[in-house]
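Values quoted throughout were computed directly from the atomic coordinates according to the rules given, and no laboratory measurement underlies them. Fair warning: this is a prediction, and the values are worked out from it, not measured in the lab. Note: ideal-geometry Cβ built from the backbone for every residue, glycine included; neighbour counts use all protein chains shown.
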There are 2 protein chains.
Amino acid sequence: MPSEFQLIQQFFQREQAEQPAEGVLLGIGDDCALLQIPAGKQLAVSVDTLVADVHFPRDADPELIAERALRTNLSDLAAMGADPLWFTLALTLPEANEDWLRSFSRGLFKCARAYGIALVGGDTTSGPLSITIQVMGATQPQHTLRRDGANIGDFVLVTNFVGDGAAALAAIQNTQQFTDEHTDYLQQRFYRPTPRLAESALIRELASSALDISDGLVADLQHICDASDLGAVIDVENLPLSPALKSLNNDAQAYQWALSGGDDYELCFTVQPEKMADIAMLIAQGELQATVIGEMIAGGKVICEYEGEPFKLAKTGYQHF
Amino acid sequence: MPSEFQLIQQFFQREQAEQPAEGVLLGIGDDCALLQIPAGKQLAVSVDTLVADVHFPRDADPELIAERALRTNLSDLAAMGADPLWFTLALTLPEANEDWLRSFSRGLFKCARAYGIALVGGDTTSGPLSITIQVMGATQPQHTLRRDGANIGDFVLVTNFVGDGAAALAAIQNTQQFTDEHTDYLQQRFYRPTPRLAESALIRELASSALDISDGLVADLQHICDASDLGAVIDVENLPLSPALKSLNNDAQAYQWALSGGDDYELCFTVQPEKMADIAMLIAQGELQATVIGEMIAGGKVICEYEGEPFKLAKTGYQHF
């Protein structure tokens with residue numbers, strides 16, 4: 001007799017069966033999924049776990065939890081220069097609540113369809129609420145975005161705006177007030193971060209290194225520094241801030257969020273000076289929204305400067321819930 | 001500043017860096033792992049979560065928890081006819097306990113080396129103890145072991161012994177006494193189940209369908225029946241019982257465990273009559289330990305018979321901890 005959890009599995013299976021997907025020889029329902037990598041491509045794999053009350057509030061809308069879980073994983077594919085193919089879902093739930101599951105799967109499949117990624121396997125177990133997603137994507141040799149390719153003199157850029165992740169957390173936790181409009185915007189940025197796959201496809205032949213900002217800009221840029229054996233300077237006054245952050249009229253707070261907040265899921269990438277004209281053209285033509293925020297230098301550390309003077313950072317880590 | 005959990009990640013990374021692995025272009029430490037599938041092969045993927053006090057006792061030896069987690073996942077590759085390549089680990093821990101982690105990683109890497117599978121990525125998060133492993137393997141087209149290939153008249157076989165998983169649980173939970181020797185044997189069977197990869201490689205060109213027994217023989221054979229649109233009859237008196245189970249002198253109990261217990265991680269597979277001579281030869285030569293336990297028939301259900309008479313089953317599901 002199938003357990004409640006096996007029934008859930010079948011529910012996800014039925015949803016997926018309606019979406020024929022590229023390269024899926026055998027989907028959910030056997031011991032393994034069988035997958036065919038596109039010819040000449042390599043496989044990019046990343047896994048992330050979201051735990052209730054660590055990465056999202058337990059009572060958050062399940063549709064948004066699902067969207068956030070899949071979107072943040074897709075962000076890792078973007079950060080690698082990979083095109084999404086497939087994902088697996090390991091879902092641990094305290095109880096088989098049908099309403100919760102219907103809402104969760106609606107968010108999951110809506111996002112999967114939007115980004116062209118297919119659910120190919122999973123496991124549903126009983127236990128404290130957590131979600132582990134593994135995404136798989138295809139990369140072209142020579143066009144991957146690694147962390148170890150930066151050079152001295154490379155420009156440092158970020159896509160879109162930074163600092164919204166931390167501001168959203170402050171709005172959700174009610175430690176900072178925003179207008180209704182800005183609160184809505186920040187909630188969307190938190191629960192439905194946009195994986196920068198389109199931007200990744202534009203820059204992957206041009207950038208020398210890249211990653212996505214999940215732990216905070218300074219902490220993450222430090223990973224590029226470590227992998228490339230270099231330092232970096234960030235010109236704080238050039239950090240791109242959203243209208244929501246600017247509305248606070250408190251740039252010191254906004255810059256702190258931008259530098260040490262997490263959960264932005266924007267790309268931070270480096271570009272050699274001779275490739276910068278191509279990037280600038282993409283920006284000028286409105287195809288790529290990105291801003292130069294600094295430069296790779298010698299030394300092993302990320303340094304922050306405000307109009308040429310040292311800028312003191314309150315903290316460099318990121319505290320989740 | 002790296003968190004305790006990032007330090008753990010680095011610890012796994014260091015362990016893995018010492019083991020160069022096939023097809024790993026980029027391992028732990030970037031946004032994704034980059035992997036090269038062997039030419040002409042397809043990718044088999046399976047994911048499983050083990051939750052403390054659901055799938056293993058919370059206070060169990062971490063080395064054994066790790067072995068069990070990886071071995072049960074490898075069993076899914078065996079059940080598909082896949083050769084192990086890589087795995088990812090998503091580890092959620094209430095605290096970064098160094099002793100626990102050292103022991104866990106010892107078990108994990110010992111098992112990974114033994115079965116030639118490489119850790120290529122992971123995520124370590126703070127939360128209630130659980131382990132999600134995703135294994136990836138390579139299959140050859142035409143030589144995969146699916147659930148949907150059984151035919152009427154095919155023989156049904158199982159590898160090794162069945163019923164040890166449930167007996168082990170009874171021994172661990174002290175609901176059944178065994179001699180020390182048999183208790184040791186059952187503990188090994190529970191925490192260190194042998195993924196039947198060698199057997200899988202022998203049968204994958206001969207079997208018409210296969211899976212591994214995790215929920216119980218009847219429940220799992222039912223999956224082959226469902227996928228192949230057939231029924232099956234199990235000759236209960238032919239079920240292969242280990243010396244530990246036979247020592248009870250309680251065949252009724254032993255057969256119940258063998259039929260409806262879970263966690264055996266043996267292969268259950270079907271073979272067409274014309275291929276049976278090859279299988280019999282492998283068995284006779286001692287290369288394959290397997291036993292014919294029944295036959296595929298028309299109808300949609302698994303039927304149990306003892307010397308030709310209906311055999312009544314107490315329950316068909318499997319209750320974890």
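Run through the other copies and list how far each one's label point is from that of residue A:187, in nm with one decimal, shortest first; the point sits 7 Å from Cα along Cα-Cβ.
5.4
Once the stretch B:155-310 is represented by equal point scatterers at the alpha-carbon sites, with solvent omitted, what log10 I(q)/I(0) does the Debye formula produce at q = 0.17 Å⁻¹?
So the normalised log intensities work out to -0.97.
In whole Hz, what ³J(HN,Hα) sequence does the stretch B:222-236 give by Karplus (6.51, -1.76, 1.60; θ = phi - 60°), x for Gly and Pro?
Karplus-based 3J(HN,Hα) across the stretch B:222-236 equals 4, 5, 5, 4, 4, 5, 9, 6, 9, x, 8, 10, 9, 8, 4 Hz.
So for chain A, considering every pair of alpha-carbon atoms, how many percent are separated by more than 27 Å?
Summing the P(r) of chain A above 27 Å gives 46 percent of all pairs.
Given label points at 7 Å from Cα along Cα→Cβ, what nm distances, shortest first, separate residue B:205 from the same residue in every other copy?
Going from nearest to farthest copy, the values are 4.4 nm.
Mind checking which of B:12, B:155, B:311 has the largest fluctuation in a GNM of chain B, springs on alpha carbons under 10 Å?
B:311
Running a GNM on chain B with Cα contacts under 10 Å, which residue among B:310, B:193, B:84 ends up with the highest mean-square fluctuation?
Largest GNM mean-square fluctuation: B:310.
Within the stretch A:20-37, find all residues whose amide N lies under 19 Å from a label point positioned 7 Å from the Cα of residue A:140 along Cα-to-beta-carbon.
A:37
Under 29 Å Cα-Cα from residue A:246, which lysines qualify once same-chain neighbours fewer than 8 residues away are excluded?
List returned: A:301, A:312, A:315.
What nm distance separates the two modelled labels at residue B:187 and residue B:312, each placed 7 Å from Cα along Cα→Cβ?
3.8
Setting aside same-chain residues fewer than 8 positions from residue B:110, which lysines have a Cα under 27 Å from its Cα?
The reachable lysines, counting only those whose Cα sits under 27 Å from residue B:110, are B:41.
Over its Cα atoms, what ratio of radius of gyration to 2.2 N^0.38 Å does the protein assembly as shown give?
With N residues counted in the protein assembly as shown, Rg over 2.2 N^0.38 Å equals 1.03.
Hey, can you grab everything whose amide H is under 5 Å from the amide H of residue B:61? Only 5+ residues off in sequence or another chain; H modelled, so Pro and N-termini drop out.
The answer is none.
Mind giving me the FRET efficiency for residue B:173 and residue B:237? R0 is 30 Å, r the Cβ-Cβ distance, nearest 0.05 is fine.
Computed FRET efficiency for residue B:173 and residue B:237 comes out at 0.60.
At residue B:299, label 7 Å along Cα→Cβ: distances to the other copies, nm, ascending?
8.0
Compute the FRET efficiency between residue A:59 and residue A:39 as 1/(1 + (r/R0)^6), taking r as their Cβ-Cβ distance and R0 = 41 Å, and round to the nearest 0.05.
Computed FRET efficiency for residue A:59 and residue A:39: 0.30.
Note down the nm distance, to one decimal, between modelled labels 7 Å out along Cα→Cβ at residue A:251 and at residue B:226.
6.2
With θ set to phi - 60°, apply the Karplus curve 6.51 cos²θ - 1.76 cosθ + 1.60 along the stretch B:71-76 and write out the HN-Hα couplings as whole Hz, x wherever there is a Gly or Pro.
Using θ = phi - 60°, the values come out as 5, 5, 5, 4, 4, 5 Hz.
With springs only between Cα atoms under 10 Å apart, run a GNM on chain A and tell me which of A:249, A:151, A:160 wobbles the most.
A:249
Only helical DSSP H runs with n ≥ 4 go in: add -39500 (n - 2.57) per run for chain A, normalise by residue count and round the 222 nm mean residue ellipticity to 500 deg cm²/dmol.
The helix-only estimate for chain A comes to -11000 deg cm²/dmol at 222 nm.
So how strong a dipole does the protein assembly as shown carry about its Cα centre when Lys and Arg Cβ are +1 and Asp and Glu Cβ are -1, to the nearest 20 debye?
Roughly 320 debye for the protein assembly as shown.
Classify the stretch A:62-181 as rounded, prolate or oblate, taking a ≥ b ≥ c as the square roots of the eigenvalues of its Cα gyration tensor: rounded when a/c is under 1.5, otherwise prolate if a/b is larger than b/c and oblate if not.
oblate
Under Stokes-Einstein, with the Kirkwood radius over Cα pairs standing in for Rh, what whole-number D in µm²/s applies to the stretch B:4-139 at 25 °C and 0.890 mPa s?
Rounded, D is 164 µm²/s.
What whole-number distance in Å separates the alpha-carbon centres of the stretch A:190-251 and the stretch A:93-125?
Cα centres, the stretch A:190-251 to the stretch A:93-125: 29 Å.
Mind listing which GluC sites (Glu not before Pro) in the stretch A:242-321 are in a DSSP loop and have 10 or fewer other Cβ atoms within 10 Å?
Taking the stretch A:242-321 and a limit of 10 other Cβ atoms within 10 Å, the loop GluC sites (Glu not before Pro) found are A:307.
Partner chain Cβ atoms within 10 Å, averaged over the residues of A:132-141 - can you pull that number for me?
Mean number of neighbouring Cβ atoms from other chains: 4.
What list of ³J(HN,Hα) couplings, whole Hz, do you get for the stretch A:86-92 from phi and the Karplus terms 6.51, -1.76, 1.60, once you set θ to phi - 60° and write x for glycine and proline?
Each residue of the stretch A:86-92 in turn: 9, 8, 10, 10, 10, 10, 10 Hz.
Return the average number of partner chain Cβ atoms within 10 angstrom of each residue Cβ along peptide A:54-63.
Rounded to a whole number, the mean comes out at 1.
Show the residues, 5+ positions off or on another chain, whose built amide H is closer than 5 Å to the amide H of residue B:294.
So residue B:294 has HN proximity to B:156, B:235.
Please work out the Cα center distance from the stretch A:135-160 to the stretch A:16-73, rounded to the nearest Å.
23
Can you list the residues, at least 5 places off or on another chain, whose amide H is less than 5 Å from the amide H of residue A:53, using H built in the peptide plane?
A:58
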